[in-house]
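The values are calculated or read from the model by the stated rules, or taken from the named source; none is laboratory data. Note that the structure is a prediction, hence the values are computed from the model and not measured. A quick note on method: Cβ atoms are made from the backbone with ideal geometry, for glycine too, and the neighbour counts reach across all protein chains shown. Note: areas computed on protein heavy atoms with side chains; ligands, DNA, RNA excluded. Shrake-Rupley method; radii C 1.70, N 1.55, O 1.52, S 1.80 Å.
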Amino acid sequence: MSIDRLTLNERCVLFVLMAEARELTNAELHEAAGIKLDGRNRRHLNDLDLVASTMVNRAFLHELTDRGAVWCAEELSRERPDKSGSAGGALYSVLAGLRRHLDDTGQSLADVFRPDVAGQVEAAYLELTSGRGIAIRLTHLRERLNELPRGEIDRALELLSRREDVHIRAESDQRTLTDRDHTDALVLGGTARHLLAIEVSR
């Protein structure tokens, strides 16, 4: 099967990876769009160099390649594939509208689709606390998200701090802080903050 004969599922995977702008496991693909990339479809997209799949902790992590990003950009201007059904028709109608928006604004796909860093911060917090809503050191959070630039994490934390259920505060017992805690602190309102807590819905 050539690059021009991708299945609708394969096309959807490419567009989801484009929209999420980050690596995704099959579980995350399913949560985001109800699809997975495995078996023959995964091998096909890997062989075409549209998606890179890396085994991490017994699960594949999928990432859109540069060639995959080019394919997505070019696909915005193409007609919907034959036999793609109403779902495919709707998808390609939206893509055509996106193409018009990019042309009108001079933007690129990278300008529109950026990683949801705030969502990744919240997900990492939930993993670290097992959903208990307790306070954790920002040092531990940054270690979990060590693949993300510090500036992006800081901006995400600042955005989250505007929510009533998110609390980013200073450690009351400053003697317990390590040099790393001081380095990893987030300054809000002129005060260094070391702890993050997100309330759990009851």
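Points worth noting:
- Ordering of 173-179, 187-193 by packing is 187-193, 173-179, highest average first (other Cβ atoms within 10 Å, averaged per residue).
- Value in Å of the Kirkwood radius, where region 1-89 supplies the Cα pairs that are averaged: 13.2 Å
- Helix-derived mean residue ellipticity, 222 nm - over the chain, DSSP H n ≥ 4, -39500 (n - 2.57), to 500: -15000 deg cm²/dmol
- Separation of region 135-202 and region 38-53, taken as the distance between their Cα centroids, equals 38 angstrom.
- The 1.4 Å probe gives accessible areas that order ARG11, ARG100, ARG180, ARG40, largest first, as ARG40, ARG100, ARG180, ARG11.
- Each pair of Cα atoms in the chain enters the Kirkwood radius, and Stokes-Einstein at 20 °C and 1.002 mPa s then converts it into a translational diffusion coefficient of 111 µm²/s.
- Candidates per GluC sites (Glu not before Pro) in region 104-150, loop by DSSP, up to 13 other Cβ within 10 Å: GLU147
- Accessible surface of the chain [probe 1.4 Å, protein heavy atoms]: carbon and sulfur percent: 47 percent
- Net charge of Cβ neighbours under 10 Å - reference VAL166; Lys, Arg +1; Asp, Glu -1: -2
- Value of Rg to Rh for region 13-55, rounded to two decimals, is 0.92; Kirkwood radius and Rg both from alpha-carbon coordinates.
- Helix axis angle, 117-129 relative to the chain longest principal axis, alpha carbon, degrees: 60 degrees
- Taking the C-alpha atoms only, the angle from helix 66-75 to the longest principal axis of the chain is near 60 degrees.
- Among 129-139, 42-52, the order from most to least packed when residues are scored by Cβ within 10 Å on average: 42-52, 129-139
- The residues of the chain expose, per residue, 60 Å² of accessible area to a 1.4 Å probe.
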